[in-house]
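Participant: This structure is in structure tokens; I'll ask about it shortly.
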């Protein structure tokens, strides 16, 4: 899928599917590219992936036809610029809560390399750009996507304003942080969390942008959200799927070796990403 196709899918409400990739192994991209995904999600907020490794991952996946969406550690426009320089097609900005944060991120995504006082004036609509410069910046950022993480009650309260800032391409729910902000940590079937998910879907679609979530384990719940209009699904992660697969298969081996169940149980991994 090309960046333009991904952007069109966000806008038109067509579902796209990917997973979170945190492994920096040089063998990984070739394998991931065979899975039929529409994109990959690289997380540098919770995973200590350095700038050089992130750039290698972004450019490799991009060359293989998998647009890389890269989450930066904080909603900082300079970090966003670094991510685009690294080759990210889309930047995911975590824990966005204010219109001012969104505007600054839009400046990084859609107006770079313009910075500083002149960019601030332009974003505040106080200083128009010369036609030649405006056309140059539009072409330079043509493939860039900006995705804001909705992870708090404050973001929900300001949701219409946040998603109404021109230049936002999608809203991505962070379920773990959002349930904590709602006071119902990790209760993903709770009515209040379901209501929040549907609020994000409805608001995002009203603004003509993508509505997404990074989720794991409950595939029936994910499918229900897609049927309800969610169209950016990041399912699980390589780290989590590895842990679950090893745990499941070792438990099966133990059952066959020791059918009476006296061997040690490997337990269930508790991995959020």
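Coordinate-derived values only; no laboratory data. This one's a predicted model, so the numbers in the text were calculated from it and none came from an experiment. Ideal geometry is used to build each Cβ from the backbone, glycine not excepted, and the neighbour counts take in all protein chains shown.
Participant: Report the per residue volume, in Å³, of the convex hull enclosing the C-alpha atoms of the range 119-226.
Facilitator: On the way: hull volume 12.7 nm³, N = 108.
Hull volume over Cα atoms, normalised by residue count, gives 118 Å³.
Participant: Now a separate question. Write down the Å³ per residue value for the convex hull defined by the alpha carbon atoms of the range 30-78.
Facilitator: Given the Cα convex hull of the range 30-78, per-residue volume reads 88 Å³.
Participant: Can you work out the FRET efficiency for the pair residue 59 and residue 255, with r the C-beta to C-beta distance and R0 = 35 Å, to the nearest 0.05?
Facilitator: E(calc), rounded to 0.05, equals 0.20.
Participant: Test of understanding: express the Cα radius of gyration of the chain as a ratio to 2.2 N^0.38 Å, with N the residue count.
Facilitator: Against the compact-globule rule of thumb, the ratio is 1.07.
Participant: Can you tell me the orientation of helix 238-257 relative to the chain, as the angle in degrees between its alpha-carbon axis and the longest Cα principal axis, to the nearest 10?
Facilitator: 10 degrees
Participant: Obtain the nm distance between the two label points defined at residue 227 and residue 34 by a simple spin-label model: each point lies 7 Å from its Cα along the Cα-to-C-beta direction.
Facilitator: 3.3 nm
Participant: Could you work out how far helix 99-110 tilts from the main Cα principal axis of the chain, as a 0 to 90 degree angle to the nearest 10?
Facilitator: Helix 99-110 sits at roughly 80 degrees to that axis.
Participant: Quick one: order 17, 39 by neighbouring beta-carbon count within 10 Å, fewest to most. Write out the running numbers ahead of the final one.
Facilitator: Working: 17 16, 39 24.
Neighbour counts put them in this order, fewest first: 17, 39.
Participant: Here is a further query. Tell me, in nm to one decimal, what length is gained between residue 202 and residue 243 on full extension, where the rule is 0.36 nm per residue of separation less the Cα-Cα distance?
Facilitator: Here the answer is 11.3 nm.
Participant: Can you tell me which of 27-38, 247-258 comes out highest on packing, and rank the rest after it, using the mean Cβ neighbours within 10 Å? Walk me through the intermediate numbers first.
Facilitator: On the way: 27-38: 14.2, 247-258: 11.7.
Top to bottom by mean Cβ count within 10 Å: 27-38, 247-258.
Participant: Take 78, 61, 84, 95 and order them by how many other Cβ atoms sit within 10 Å, fewest up front.
Facilitator: The most exposed by this proxy come first: 78, 95, 84, 61.
Participant: Helix 77-86 versus the longest principal axis of the chain: what is the Cα-based angle in degrees, 0 to 90, to the nearest 10?
Facilitator: Taking the Cα atoms of the chain, the angle to 77-86 is about 70 degrees.
Participant: Calculate, for residue 140 and residue 5, the FRET efficiency according to 1/(1 + (r/R0)^6) with r their C-beta to C-beta distance and R0 22 Å; round to the nearest 0.05.
Facilitator: Computed FRET efficiency for residue 140 and residue 5 comes out at 0.65.
Participant: Next question. Order of 173-185, 225-237 by packing, highest average Cβ count within 10 Å first?
Facilitator: Ranking, from highest mean packing down: 225-237, 173-185.
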